[in-house]
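Scroll down for the structure; my scribbles are underneath it.
The values are calculated or read from the model by the stated rules, or taken from the named source; none is laboratory data. Since this is a predicted model, take the numbers as computed values, not measurements. Cβ sites come from the backbone with ideal geometry, for glycine too, and all protein chains shown count toward neighbours. Protein only, heavy atoms only, side chains kept; ligands, DNA and RNA dropped before computing areas. Shrake-Rupley method; radii C 1.70, N 1.55, O 1.52, S 1.80 Å.
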Amino acid sequence: MDTELKEKCGVFGVFNHPKAADLTYYGLHALQHRGQESAGIVASDGKSFRHHRGMGLVTQVFTREILDGLKGNMAIGHVRYSTSGASQLQNAQPLVFKYSEGDLAVAHNGNLVNARIEQKVLQQQGAIFQTTTDTEIIAHLIARSSKKHFSESGPDVLKRLDGSFAVLIITDKQMLIGLDRNGLRPLSLGKIGESIVASSETCGLHAVDAKFWRDVEPGEWLLIDENGVQTGRFAEKGKVSLCSFEFVYFARPDSVIQGKSVLSIRKELGQILAQEHPTEADVVVAVPESSVPAALGFAQESGIPYEMGIIKNPYAGRSFIEPTQELRDLAVRLKLSAVQEILEGKRVVLVDDSIVRGTTSKRIVELIRQAGAKEVHVRISSPMVRNPCFYGIDMPTKEELFANKHEHERAMGQVIGADSLAFLSTEGLLTAVDVDLAETSNSCIACFSGAYPTNLYLK
């Protein structure tokens, strides 16, 4: 697959609210952790679209003046995740189109594994693509559908999509919400009075004081217009395979996904990690901020005190989602600093949520050593990442993955400069996310196990 098609984002939408664009702005702000490259909002007043997109954070892209111009009672928004080769304004979403039925806008979180095949067919039919994102394929399929009206073509097109997608699509008067047949991406619904809100995570609903309604079911579509809400299925509910990395790293800890508290699961990951890989130490330290709950769980289970031994610069982004290794290294130096009075002369348990490429871990261990730590024992609250993700996380090749470059944990620990290194077991992960170990189909663990829930169309 082309790496420029891989993205992990956040989507937010509002139907039937006079301040739809304002609410979408606040919802996107709450989902900022899901993408820091670009942001966009499209609003409709029932007659025409008004839209704005830009590179950067939500607060950088939108001003009060811009939001005042996005008038309408319906809006969808998007924050985009940074990926190699595609950090361009043309790929910022929502994507906006005009076709035979009028205006169309699409916001998509995920990655279509059959994108290359569908794009080739569309190009042979004369389609001209303006972006390098797979999201554009959705619009082309709708425009070329044999179904006359969007209420039929929109749901029908979802049948042709494979991979991961939480998608919001609007016309001048209608909103279509859809989730891939495996439920690889999270997508929740809420209500503000008679208004309906859709958000990648429940934290987005909380930001606009929307009351949680329900999660979108895998393979389900909802069409919302002035007549109310219609629901249907474009695919039978198959094996639900929600991305386990949502619980490990990506989702905000105050979100609830499929009825499960992300914060509680991360704490339990740390507790199980302490049971599986105990060590003698003086202090437990987290790599902030996504690893803090796991570190707290490790400390509670082990009896070793937790301390804030590493401080994060709140104005720095996530190194994991920087587009190049050079930028990832720079981001680590800018965003983290060690607290010498906490670490000096101590045996330290350093808890992190994952190791993907290994360079960030090496730099953090160096920071702790420089602060005077006597020992550094690294504990990872997820299994080894050995396989690339084809559903939206920036892990494009097996060769890049740290776990594939070394035979065992001892060698990996030596590379990052740790006295010891240990990972959570796959069984421990599945226990924490409350998955029956005999039936793992309701959690995607492909990046750990190599068992992908869909066809990858690699040939």
Considering residues that are open to solvent by 20 Å² or more (accessible area, probe 1.4 Å) and not in a strand (DSSP E or B), the number found within the range 152-203 is 11
Can you spot a residue in the range 415-426 that is more than 20 Å from residue 366 (Cβ to Cβ) and modelled with pLDDT under 90? no
Would you confirm whether or not the range 403-411 contains a residue that is farther than 28 Å from residue 114 by Cβ and among the acidic types (Asp, Glu)? yes
A careful count of residues in the range 228-242 that are at pLDDT 95 or above and not hydroxyl-bearing (Ser, Thr, Tyr) gives 6
Only one of 265, 355, 272 is crowded, with 16+ Cβ neighbours inside 10 Å, at pLDDT below 95 and touching a helix residue (DSSP H, G or I) at 6+ places or on another chain (Cβ under 8 Å), namely 355
Over the range 226-242, the set of residues in contact with a helix residue (DSSP H, G or I) (Cβ under 8 Å, 6 or more places away or on another chain) and not in a loop (DSSP other than H, G, I, E, B) is 230, 232, 242
Verdict on residue 246 being closer than 30 Å to residue 157 by Cβ, assigned to a helix (DSSP H, G or I) and in contact with a helix residue (DSSP H, G or I) (Cβ under 9 Å, 6 or more places away or on another chain):
yes
Among residues of the range 327-351 being modelled with pLDDT of 95 or more and open to solvent by less than 20 Å² (accessible area, probe 1.4 Å), the residue nearest to residue 397 (Cα to Cα) is 351
Checking 129, 165 in turn, the sole residue that is closer than 26 Å to residue 456 by Cα, among the aromatic types (Phe, Trp, Tyr) and under 19 Å from the mean Cα position of the chain (by Cα) turns out to be 165
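Do you know which residues across the range 106-128 are on the phi < 0 side of the Ramachandran plot and open to solvent by less than 40 Å² (accessible area, probe 1.4 Å)?
Within the range 106-128, 106, 107, 108, 109, 111, 112, 113, 114, 115, 118, 122, 127 qualify.
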In the range 46-66, anything out of contact with any strand residue (DSSP E or B) (no Cβ under 8 Å at 6 or more places or on another chain) and free of Cβ contacts under 8 Å to residues at least 60 places away in the same chain is listed as 59, 63, 64, 65
Considering residues that are free of Cβ contacts under 8 Å to residues at least 60 places away in the same chain and either open to solvent by 10 Å² or more (accessible area, probe 1.4 Å) or assigned to a loop (DSSP other than H, G, I, E, B) (or both), the number found within the range 15-36 is 5
Do we find that residue 394 is buried (at least 19 other Cβ atoms within 10 Å of the Cβ) and among the charged types (D, E, K, R) in this structure?
-> yes
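I'd like to know if the range 136-144 contains one or more residues that are touching a Pro at 6+ places or on another chain (Cβ under 7 Å) and open to solvent by less than 10 Å² (accessible area, probe 1.4 Å).
No, the range 136-144 contains no residue that is touching a Pro at 6+ places or on another chain (Cβ under 7 Å) and open to solvent by less than 10 Å² (accessible area, probe 1.4 Å).
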